[in-house]
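A.B. asks: Dropping a structure here in structure tokens format, bear with me for questions.
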Amino acid sequence: MSIPVFFHPAQLEFHPKYEWALGNRIKHPETTKRAESIYRALKKMGRDYFDLRTPEDKYTHAIHSCHSPRLSTLYHTASQVLEGENTFYPSVFPQRMRGDPDPTNIKHAGFFCFDSGTPLNNKTLMAANWSASSALAATDLVASGKSTLAYALSRPPGHHASVDSYGGYCYFNNAACAAKRLLKKGARVAIIDIDFHHGNGTQDFFYQSSKVFTASLHGDPTHHFPYFCGYPRETGKGAGLGMNMNIILPDGTILKNYLKALKGQAIPAIKRFCPDYLIIAAGLDTYKLDPIGSFALETADYHKIGETLGRLPYPTIVLQEGGYHTGDLGANVVSLLTGMGMAKKVIKARA
Ligand code: OKP
Ligand code: ZN
């Protein structure tokens, strides 16, 4: 046995060039090197560990209908009107004068976009489609019962995108698409987001749902993206009250304290919820050398986190989110996934 991995090479055709960070134009951190680093590291481990596959071309409808239809229309517009290397950054974000957006007009992108780091070009839609397709292929495989664990190298990431909005390098919410696919089968789903940033999009999607429990461990939004949410007081609403958990950890967090929050808060809540499936939104920007995140986890720590989550008795889908130290990202993903795979006995215990 080995861990099934889903990835499509077209995910590499999208090249965001820069982002605006507090007024400065910086090189975009969400590069294709990230995916290449992961893919290379998984491949190097060999067939006993990872079974590299490509998703089928059949998920577009499911992905687009997971969101409001005008979101995919907007990305389609971008693929039609933007030529070559041209990239669109909205210049108007009509927060309090929300009129009637026309998603066939690229100038209206600011209605849907919530930050200055998430550009559109003519390859965005294709790459985001394949990223979410990888997530859905992993989900289908786990739902079929053929594997208790699968991983999607979902790049671009997804956890900041919501039903009708995009941002934080995310266009479609891969975890939400995966969860909705399982909900259709009548399942209860838990999503744990271990990216350094709060998974605001995923939280939004299921904020009022009693069928999806969401938990996110992240850096303090007072000082870190996405700034406006991710606080412990956000616990869900209506039927979803008590079904969302936000855990803030301080800058410099090391494994001991990370595991304390995981084992002391997030995991007990997941167990109480009793899900049929677990989705892990796996960002590795919690790494000590990450250029964006401010935690201090080390490569070997991910193995422990993987074991801890892998010991939970639920069929599990792991989706890639952030992680921007391209040099060590592949090794960190291998560390996490082998920890999980060994705990689930999908791969042999020996790294
Ligand atoms: C996406 B994911 C850094 C600016 C940060 C947005 C961060 C998006 C993170 N200079 N801009 O990894 O959660
Ligand atoms: Zn992140």
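The values are calculated or read from the model by the stated rules, or taken from the named source; none is laboratory data. On a predicted model such as this, the values are computed, not experimentally measured, just so you know. As a convention, Cβ positions derive from the backbone with ideal geometry for all residues, glycine included, and neighbour counts pool all protein chains shown. For the accessible areas, the whole protein counts, side chains as well, though only heavy atoms, and no ligand, DNA or RNA atoms are used. Shrake-Rupley method; radii C 1.70, N 1.55, O 1.52, S 1.80 Å.
A.B. asks: Along the three principal axes, how long is region 197-333 when you take its alpha carbons, biggest first, rounded to the nearest angstrom?
C.D. replies: 43, 34, 23
A.B. asks: Mind listing which trypsin sites (Lys or Arg not before Pro) in region 171-245 are in a DSSP loop and have 13 or fewer other Cβ atoms within 10 Å?
C.D. replies: K184, K185, R233, K237
A.B. asks: Please give the length that would be gained between K256 and D164 if that part of the chain were fully extended, namely 0.36 nm times their separation in residues minus their C-alpha to C-alpha distance (nm, one decimal).
C.D. replies: 29.4 nm
A.B. asks: Helix 69-81 versus the longest principal axis of the chain: what angle, 0 to 90°, nearest 10, using Cα atoms?
C.D. replies: 60 degrees
A.B. asks: Under a 1.4 Å probe, what is the accessible area of region 1-71 per residue, stated in Å²?
C.D. replies: That works out to 57 Å² per residue.
A.B. asks: On to the next question. Which values of log₁₀ I(q)/I(0), to two decimal places, follow from the Debye formula for region 92-144 at q = 0.26, 0.29 Å⁻¹ with a uniform point scatterer at every Cα?
C.D. replies: -1.01, -1.12
A.B. asks: Moving on. Give me the mean projected area, in nm² to one decimal, of the convex hull enclosing the Cα positions of the chain.
C.D. replies: If you wrap the Cα atoms of the chain in a convex hull and average its projections, you get 15.9 nm².
A.B. asks: What value in Å³ per residue do you get for the convex hull of the alpha-carbon atoms in region 255-304?
C.D. replies: Taking only Cα atoms, region 255-304 has a hull volume of 84 Å³ per residue.
A.B. asks: Leaving ligands, DNA and RNA out of it, report the carbon-plus-sulfur percent of the accessible area of the chain at a 1.4 Å probe.
C.D. replies: 53 percent
A.B. asks: Taking Cα atoms, how many degrees apart are the long axis of helix 299-310 and the longest axis of the chain, rounded to 10 and kept between 0 and 90?
C.D. replies: In the chain, helix 299-310 runs at an angle near 80 degrees to the longest axis.
A.B. asks: Angle, helix 326-343 long axis vs. longest principal axis of the chain, Cα atoms, 0 to 90°, nearest 10?
C.D. replies: Between the helix axis and the principal axis of the chain, the angle is about 40 degrees.
A.B. asks: Using the per-residue mean of other Cβ atoms lying within 10 Å as a proxy for protection, in what order, highest first, do the peptides 166-177, 61-72 fall?
C.D. replies: 166-177, 61-72
A.B. asks: Mind listing which trypsin sites (Lys or Arg not before Pro) in region 87-142 are in a DSSP loop and have 10 or fewer other Cβ atoms within 10 Å?
C.D. replies: Passing sites in region 87-142 are R96, R98.
A.B. asks: With a point put 7 Å past each Cα toward its Cβ, work out how far V81 is from E36 in nm, to one decimal.
C.D. replies: It is 3.2 nm.
A.B. asks: Would you compute the Debye intensity of region 278-347 from its alpha-carbon atoms alone, equal scatterers and no solvent, and pass along log10 I(q)/I(0) at q = 0.29 Å⁻¹ to two decimals?
C.D. replies: Values, matching the q order: -1.30.
A.B. asks: Are there chymotrypsin sites (Phe, Trp or Tyr not before Pro) in region 214-303 that DSSP puts in a loop and that have at most 11 other Cβ atoms within 10 Å, and which ones?
C.D. replies: Details: sites: Y227, F228, Y258, F273, Y277, Y287, F295, Y302; in loops: Y227, F228, F295.
Listed in order of number, the matching sites are F228.
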